[in-house]
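Structure, as C-alpha coordinates:
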Amino acid sequence: FVPLMISAGFVVLSALWFYLYSSKHVTRASAAMHIVERVTNRELQTVTLENELRDILLERDNIIEDKFDQIIRECHILDISGSCGSEDIFEQAAEILAEQTAMSKASLLEKFIQREKEGSTVIQPGLAIPHIIIDGEHQFSIVLVRSVDGIKFPEKTEPVHTMFILAGTRDQRNFHLRALMAIAQIVQEKHFESRWLSARGPENMRNLILLSKRKREH
(Lines give C-alpha, C1' and ligand atoms only; values in the text may rest on other atoms or scores of the structure.)
Protein backbone atom coordinates (compact mmCIF):
# COMPACT_ATOMS: atom_id res chain seq x y z
CA PHE A 1 0.00 0.00 0.00
CA VAL A 2 2.72 2.51 0.96
CA PRO A 3 4.79 2.04 -2.24
CA LEU A 4 1.67 2.38 -4.40
CA MET A 5 0.64 5.50 -2.52
CA ILE A 6 4.11 6.98 -2.99
CA SER A 7 4.02 6.27 -6.74
CA ALA A 8 0.62 7.90 -7.10
CA GLY A 9 1.77 10.89 -5.10
CA PHE A 10 4.84 11.23 -7.28
CA VAL A 11 2.77 11.40 -10.47
CA VAL A 12 0.62 14.19 -9.02
CA LEU A 13 3.64 16.10 -7.76
CA SER A 14 5.43 15.72 -11.09
CA ALA A 15 2.55 17.35 -12.92
CA LEU A 16 2.40 20.16 -10.37
CA TRP A 17 6.09 20.99 -10.39
CA PHE A 18 6.22 20.79 -14.18
CA TYR A 19 4.12 23.94 -14.32
CA LEU A 20 5.68 25.72 -11.37
CA TYR A 21 9.41 25.48 -12.12
CA SER A 22 11.54 26.51 -15.07
CA SER A 23 14.65 25.55 -16.80
CA LYS A 24 17.57 27.78 -17.45
CA HIS A 25 19.38 27.73 -14.11
CA VAL A 26 21.30 24.46 -14.50
CA THR A 27 22.18 25.20 -18.13
CA ARG A 28 23.72 28.54 -17.16
CA ALA A 29 25.52 27.03 -14.17
CA SER A 30 26.97 24.16 -16.21
CA ALA A 31 28.11 26.56 -18.92
CA ALA A 32 29.77 28.82 -16.36
CA MET A 33 31.60 25.89 -14.79
CA HIS A 34 32.80 24.72 -18.19
CA ILE A 35 34.14 28.18 -19.11
CA VAL A 36 36.01 28.60 -15.82
CA GLU A 37 37.48 25.10 -16.09
CA ARG A 38 38.81 25.90 -19.57
CA VAL A 39 40.52 29.14 -18.56
CA THR A 40 41.82 28.08 -15.15
CA ASN A 41 45.59 28.05 -14.80
CA ARG A 42 46.90 24.48 -14.69
CA GLU A 43 48.54 25.20 -11.34
CA LEU A 44 45.09 25.83 -9.89
CA GLN A 45 43.47 22.78 -11.42
CA THR A 46 42.84 19.80 -9.19
CA VAL A 47 40.69 16.70 -9.38
CA THR A 48 38.16 18.57 -7.24
CA LEU A 49 38.02 21.72 -9.39
CA GLU A 50 34.54 20.99 -10.70
CA ASN A 51 33.23 20.44 -7.19
CA GLU A 52 34.89 23.65 -5.99
CA LEU A 53 33.19 25.57 -8.80
CA ARG A 54 29.89 23.93 -7.91
CA ASP A 55 30.19 25.06 -4.31
CA ILE A 56 30.98 28.62 -5.44
CA LEU A 57 27.81 28.62 -7.54
CA LEU A 58 25.77 27.25 -4.66
CA GLU A 59 27.06 30.04 -2.42
CA ARG A 60 26.47 32.67 -5.11
CA ASP A 61 22.87 31.61 -5.56
CA ASN A 62 22.31 31.41 -1.79
CA ILE A 63 21.34 27.76 -2.07
CA ILE A 64 21.18 26.27 1.42
CA GLU A 65 21.44 22.53 1.07
CA ASP A 66 18.79 20.32 2.59
CA LYS A 67 18.83 16.66 3.57
CA PHE A 68 18.21 15.53 0.00
CA ASP A 69 21.27 17.47 -1.22
CA GLN A 70 23.38 16.01 1.57
CA ILE A 71 22.43 12.47 0.56
CA ILE A 72 23.12 13.22 -3.12
CA ARG A 73 26.58 14.53 -2.22
CA GLU A 74 27.47 11.15 -0.72
CA CYS A 75 25.41 8.73 -2.78
CA HIS A 76 26.77 6.08 -5.13
CA ILE A 77 26.36 6.69 -8.87
CA LEU A 78 26.22 3.89 -11.42
CA ASP A 79 27.17 4.96 -14.94
CA ILE A 80 26.27 1.91 -16.99
CA SER A 81 27.92 1.03 -20.29
CA GLY A 82 25.87 -0.99 -22.76
CA SER A 83 22.26 -2.03 -22.48
CA CYS A 84 21.04 -4.31 -19.68
CA GLY A 85 17.95 -5.46 -17.83
CA SER A 86 16.38 -3.91 -14.75
CA GLU A 87 17.29 -6.90 -12.57
CA ASP A 88 20.96 -6.39 -13.42
CA ILE A 89 20.69 -2.87 -12.02
CA PHE A 90 18.75 -4.03 -8.97
CA GLU A 91 21.50 -6.54 -8.23
CA GLN A 92 24.19 -3.87 -8.41
CA ALA A 93 22.13 -1.48 -6.28
CA ALA A 94 21.43 -4.23 -3.72
CA GLU A 95 25.16 -4.87 -3.39
CA ILE A 96 25.82 -1.17 -2.74
CA LEU A 97 22.94 -0.80 -0.29
CA ALA A 98 23.89 -3.96 1.61
CA GLU A 99 27.05 -2.11 2.70
CA GLN A 100 25.00 0.86 3.94
CA THR A 101 22.11 -0.90 5.64
CA ALA A 102 21.41 -3.78 7.98
CA MET A 103 20.00 -5.92 5.16
CA SER A 104 21.70 -8.51 2.98
CA LYS A 105 22.14 -8.16 -0.77
CA ALA A 106 19.75 -11.08 -1.34
CA SER A 107 17.02 -9.55 0.83
CA LEU A 108 17.34 -6.17 -0.85
CA LEU A 109 17.28 -7.70 -4.32
CA GLU A 110 14.14 -9.65 -3.43
CA LYS A 111 12.46 -6.43 -2.27
CA PHE A 112 13.31 -4.62 -5.52
CA ILE A 113 11.97 -7.47 -7.63
CA GLN A 114 8.82 -7.78 -5.53
CA ARG A 115 8.24 -4.01 -5.66
CA GLU A 116 8.43 -4.12 -9.47
CA LYS A 117 5.90 -6.96 -9.57
CA GLU A 118 3.46 -4.87 -7.54
CA GLY A 119 3.58 -2.10 -10.12
CA SER A 120 6.18 -0.75 -12.50
CA THR A 121 8.36 2.01 -11.10
CA VAL A 122 8.86 3.46 -14.59
CA ILE A 123 7.18 6.82 -14.00
CA GLN A 124 7.55 8.27 -17.48
CA PRO A 125 9.46 7.31 -20.64
CA GLY A 126 13.15 7.04 -19.81
CA LEU A 127 12.73 7.47 -16.04
CA ALA A 128 12.28 4.93 -13.22
CA ILE A 129 12.20 5.45 -9.47
CA PRO A 130 12.38 2.10 -7.68
CA HIS A 131 11.77 2.65 -3.97
CA ILE A 132 11.60 0.13 -1.16
CA ILE A 133 11.07 0.05 2.60
CA ILE A 134 13.99 -1.58 4.42
CA ASP A 135 14.48 -3.00 7.90
CA GLY A 136 15.88 -0.90 10.72
CA GLU A 137 15.57 2.73 11.77
CA HIS A 138 16.85 6.15 10.71
CA GLN A 139 18.22 5.01 7.36
CA PHE A 140 17.70 6.44 3.91
CA SER A 141 19.89 5.88 0.86
CA ILE A 142 19.83 6.86 -2.80
CA VAL A 143 21.62 5.26 -5.73
CA LEU A 144 21.70 7.22 -9.00
CA VAL A 145 21.85 5.34 -12.29
CA ARG A 146 22.52 6.49 -15.83
CA SER A 147 22.45 4.28 -18.91
CA VAL A 148 22.94 6.01 -22.25
CA ASP A 149 22.14 2.78 -24.11
CA GLY A 150 19.14 2.06 -21.92
CA ILE A 151 17.81 -0.32 -19.27
CA LYS A 152 15.06 -2.73 -20.26
CA PHE A 153 12.13 -3.05 -17.88
CA PRO A 154 9.57 -5.86 -18.23
CA GLU A 155 6.58 -4.94 -20.37
CA LYS A 156 8.04 -1.52 -21.22
CA THR A 157 8.84 -0.79 -24.84
CA GLU A 158 11.06 2.25 -24.24
CA PRO A 159 14.36 1.83 -22.40
CA VAL A 160 15.06 3.67 -19.15
CA HIS A 161 18.05 6.03 -19.11
CA THR A 162 17.67 7.52 -15.62
CA MET A 163 17.01 5.81 -12.30
CA PHE A 164 16.70 7.23 -8.81
CA ILE A 165 16.79 4.20 -6.51
CA LEU A 166 15.51 4.91 -2.99
CA ALA A 167 15.70 2.71 0.10
CA GLY A 168 14.47 3.92 3.46
CA THR A 169 13.28 2.60 6.78
CA ARG A 170 9.62 2.97 7.72
CA ASP A 171 10.31 5.83 10.14
CA GLN A 172 11.66 7.85 7.19
CA ARG A 173 8.29 7.86 5.41
CA ASN A 174 7.96 11.66 5.53
CA PHE A 175 11.41 12.20 4.04
CA HIS A 176 10.69 9.49 1.48
CA LEU A 177 7.84 11.66 0.19
CA ARG A 178 9.99 14.79 0.29
CA ALA A 179 12.71 13.05 -1.71
CA LEU A 180 10.14 12.11 -4.35
CA MET A 181 9.02 15.74 -4.45
CA ALA A 182 12.62 16.87 -4.97
CA ILE A 183 13.09 14.36 -7.79
CA ALA A 184 9.83 15.52 -9.39
CA GLN A 185 11.15 19.06 -9.58
CA ILE A 186 14.54 18.01 -10.91
CA VAL A 187 13.39 15.73 -13.71
CA GLN A 188 10.76 18.19 -14.94
CA GLU A 189 13.35 20.88 -15.59
CA LYS A 190 13.62 21.63 -19.28
CA HIS A 191 16.25 19.52 -21.06
CA PHE A 192 17.07 17.55 -17.90
CA GLU A 193 17.37 14.24 -19.75
CA SER A 194 19.66 15.60 -22.49
CA ARG A 195 21.93 17.26 -19.91
CA TRP A 196 21.92 14.09 -17.81
CA LEU A 197 22.87 11.89 -20.76
CA SER A 198 25.59 14.27 -21.95
CA ALA A 199 27.16 14.80 -18.51
CA ARG A 200 30.84 13.94 -18.61
CA GLY A 201 30.85 11.53 -15.70
CA PRO A 202 29.43 10.74 -12.25
CA GLU A 203 30.56 13.97 -10.58
CA ASN A 204 29.09 16.07 -13.38
CA MET A 205 25.86 14.10 -12.98
CA ARG A 206 25.90 14.72 -9.23
CA ASN A 207 26.46 18.44 -9.75
CA LEU A 208 23.60 18.61 -12.23
CA ILE A 209 21.27 17.52 -9.45
CA LEU A 210 22.85 19.65 -6.72
CA LEU A 211 22.60 22.78 -8.87
CA SER A 212 18.99 22.18 -9.85
CA LYS A 213 16.61 25.03 -9.10
CA ARG A 214 14.12 23.41 -6.79
CA LYS A 215 12.51 24.34 -3.54
CA ARG A 216 14.71 23.28 -0.64
CA GLU A 217 13.18 21.96 2.58
CA HIS A 218 14.40 23.45 5.88
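Compute log10 of I(q)/I(0) for the stretch 57-139 with the Debye formula, placing one identical point scatterer on every Cα and leaving out solvent, at q = 0.18 Å⁻¹, to two decimals. For the stretch 57-139, the Cα-only Debye profile gives -0.92.
Here, the stretch 128-192 has an Rg and a Dmax of 13.4, 38 Å when only alpha carbons are counted.
Shape class for the stretch 61-104: oblate, because the ratio a/c of the largest to smallest gyration tensor axis (alpha-carbon atoms, square roots of eigenvalues) is 1.5 or more and b/c is at least a/b.
Using the Cβ atoms and a cut-off under 13 Å, what net charge is assigned to the surroundings of GLY150, where Lys and Arg are +1 and Asp and Glu are -1? Result for the neighbourhood of GLY150: -1.
If you take all other residues with their beta carbon under 11 Å from the beta carbon of SER141, and give Lys and Arg +1 and Asp and Glu -1, the sum is -2. Distance between the pseudo-spin-label points of ALA102 and ARG200 (7 Å out from Cα toward the beta carbon): 4.3 nm. Just the protein heavy atoms count here, and of the accessible area of the stretch 152-218 at 1.4 Å, carbon and sulfur take up 51 percent.
Taking the solvent-accessible surface of protein heavy atoms with a 1.4 Å probe, what is the per residue accessible area of the stretch 123-218 in Å²?
That works out to 41 Å² per residue.
By the scheme Lys and Arg +1, Asp and Glu -1, what is the net charge of all other residues having a beta-carbon under 14 Å from that of LEU97?
That sum, taken over residues with Cβ under 14 Å, equals -3.
Note on exposure: ARG115, ARG178, ARG195, ARG170 ranked by accessible area (1.4 Å probe, complete protein assembly) read ARG170, ARG178, ARG195, ARG115, with the most exposed listed first. Counting Cα-Cα pairs of the stretch 78-218 in 10 Å increments starting at 0 gives whole-percent bin shares of 11, 42, 38, 8.
The values are calculated or read from the model by the stated rules, or taken from the named source; none is laboratory data. Owing to the predicted nature of the structure, the values given are computational and were not obtained by experimental measurement. We place every Cβ from the backbone using ideal geometry, glycine too, and count neighbours over all the protein chains shown. Surface areas here come from the heavy atoms of the whole protein model, side chains and all, with no ligands, DNA or RNA. Shrake-Rupley method; radii C 1.70, N 1.55, O 1.52, S 1.80 Å.
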